[in-house]
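The values are calculated or read from the model by the stated rules, or taken from the named source; none is laboratory data. Since this is a predicted model, take the numbers as computed values, not measurements. Every residue, glycine among them, receives a Cβ derived from its backbone with ideal geometry; neighbour counts consider all protein chains shown. Protein only, heavy atoms only, side chains kept; ligands, DNA and RNA dropped before computing areas. Shrake-Rupley method; radii C 1.70, N 1.55, O 1.52, S 1.80 Å.
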Amino acid sequence: MLAKLIKYDLKFIFKTVNIYLILLLLSVILHNITSYDYTPTFLDASGQVFGSDPDAPVIIQFLHTVFYNAIIAMLIGLVLNSIIRIWGRFKYNMYGDESYLTHTLPVSRKTLWLSKFLSLLLTILGVIAGIGISFWILSFVPTGRNLISSLGFTEQAPFNYTVALLIGLCVEMVFITLCGITGIIIGHRANSHRGLRSIIFGFIIYGLSAILLLGFLVLWSNVDPDIQNLFDTTISNPHEIFTFDFITKLFIGIDLAYIVMIATLASINYLLLKSGVDVD
C-alpha cells in the first residue's frame with residue numbers, strides 16, 4: 001500500500017514538474033546548438049588583443065540569448081513548481097476533496113505520513129537529478145560553463161565542494177517544503193482562515209529555523225576559529241580566508257544542521273497528524 005500511495009503522489013506532482021524538466025532540457029540543448037565562438041581582433045601588428053567579435057549572425061546571437069534566459073526561467077520555475085505541487089498534493093489529499101477517501105484507507109497515519117515524506121524526497125531528488133543533467137550538458141559550451149559558475153559550481157572547485165553544495169541545495173528544498181507542510185497541518189487545526197493561517201505558520205517556522213541555524217553557527221564559532229571569521233568584521237581580505245576548503249566545511253556543517261531540522265520537523269508533523277486531522 002505504501003508503494004501505491006507514493007505512486008499516486010508522484011503521478012500528481014510530476015504531471016507539471018515533467019513539463020518544466022522537458023522545457024529545461026530543451027532550452028539547454030537549443031542553447032548549446034546556437035552557441036558560437038568569438039573571432040579575436042587586434043590593436044596593431046604586434047598582435048596585442050584589442051577585443052573580439054561574435055562569430056555568428058545576429059539572429060543566432062539573439063536566439064542564444066533567448067535560450068540562455070529561458071534556462072534561468074525554467075530553473076526557477078522547476079524549483080518553485082515542484083515545491084508548490086508537493087504542498088498542493090498534501091493539502092488536497094489530506095484536507096481537500098480526496099481527504100475522506102484518504103482517511104478511510106486501511107492504512108495507519110504513520111504509513112500516510114511516510115508516503116508523503118518519501119514522495120517529497122523522491123520529487124526533490126528527481127528535480128536535482130534533472131538540474132544536474134542540464135548542467136552537465138551546459139558544461140560543453142563556454143556560456144553554459146559561465147552560467148553554471150554563476151550558481152557556485154565552478155570548474156576550479158574540488159569534488160567535495162560540489163557534493164556539499166548539491167546536498168545543500170537538496171536539503172534546503174526539502175526543508176522549505178517541510179516548513180510549508182507543517183504550516184498546512186497547523187493552519188488546518190483552526191476553524192477559520194485555514195489557508196491564511198497555513199501561510200503564516202509556514203513563514204514563522206522557517207523564520208525560527210533561520211534563527212536556530214544562526215545560533216548553531218554562533219556555537220560552532222566558539223569552538224572553531226575558522227568559523228569565527230564569519231562574524232569578524234575586521235577582515236581586510238576575505239578571499240584569503242574563504243577558500244574552497246573553508247566553504248566546503250561550512251556547507252557540510254550547514255547540511256548536517258538542516259538534516260537534523262528535517263528529521264525533527266518530520267517527527268513533529270507525524271505527531272500532529274497522529275493526534276487528529278480536521279478535514280475541510
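A few points about this structure:
- For the chain: relative contact order, % (alpha-carbon pairs under 8 angstrom, 6 or more apart): 21 percent
- Residue 59/residue 18 FRET efficiency (R0 35 Å; Cβ-Cβ; nearest 0.05): 0.70
- Accessible surface for region 79-220, divided over its residues, is 49 Å² per residue with a 1.4 Å probe.
- The label-point distance for residue 98 and residue 275, in a model that sets each label 7 Å from Cα toward Cβ, rounds to 2.6 nm.
- FRET efficiency for residue 26 and residue 2, using Cβ-Cβ distance with R0 set to 45 Å, rounded to 0.05: 0.85
- All Cα pairs of the chain, percent lying beyond 33 Å: 39 percent
- Calculated FRET efficiency, residue 37 to residue 69, Cβ-Cβ distance, R0 = 25 Å: about 0.75 to the nearest 0.05.
- Which of 243, 102, 234 is most accessible, then next, and so on - probe 1.4 Å: 234, 243, 102
- The sum of -39500 (n - 2.57) across all DSSP H runs of n ≥ 4, divided by the residue count of the chain, sets its helix-only mean residue ellipticity at 222 nm to -26000 deg cm²/dmol.
- For region 105-239: rounded, prolate or oblate by the Cα gyration tensor [a/c cutoff 1.5]: oblate
- For the listed peptides 140-151, 11-22, 74-85, a ranking on the average number of other beta carbons within 10 Å per residue, highest first, reads 74-85, 11-22, 140-151.
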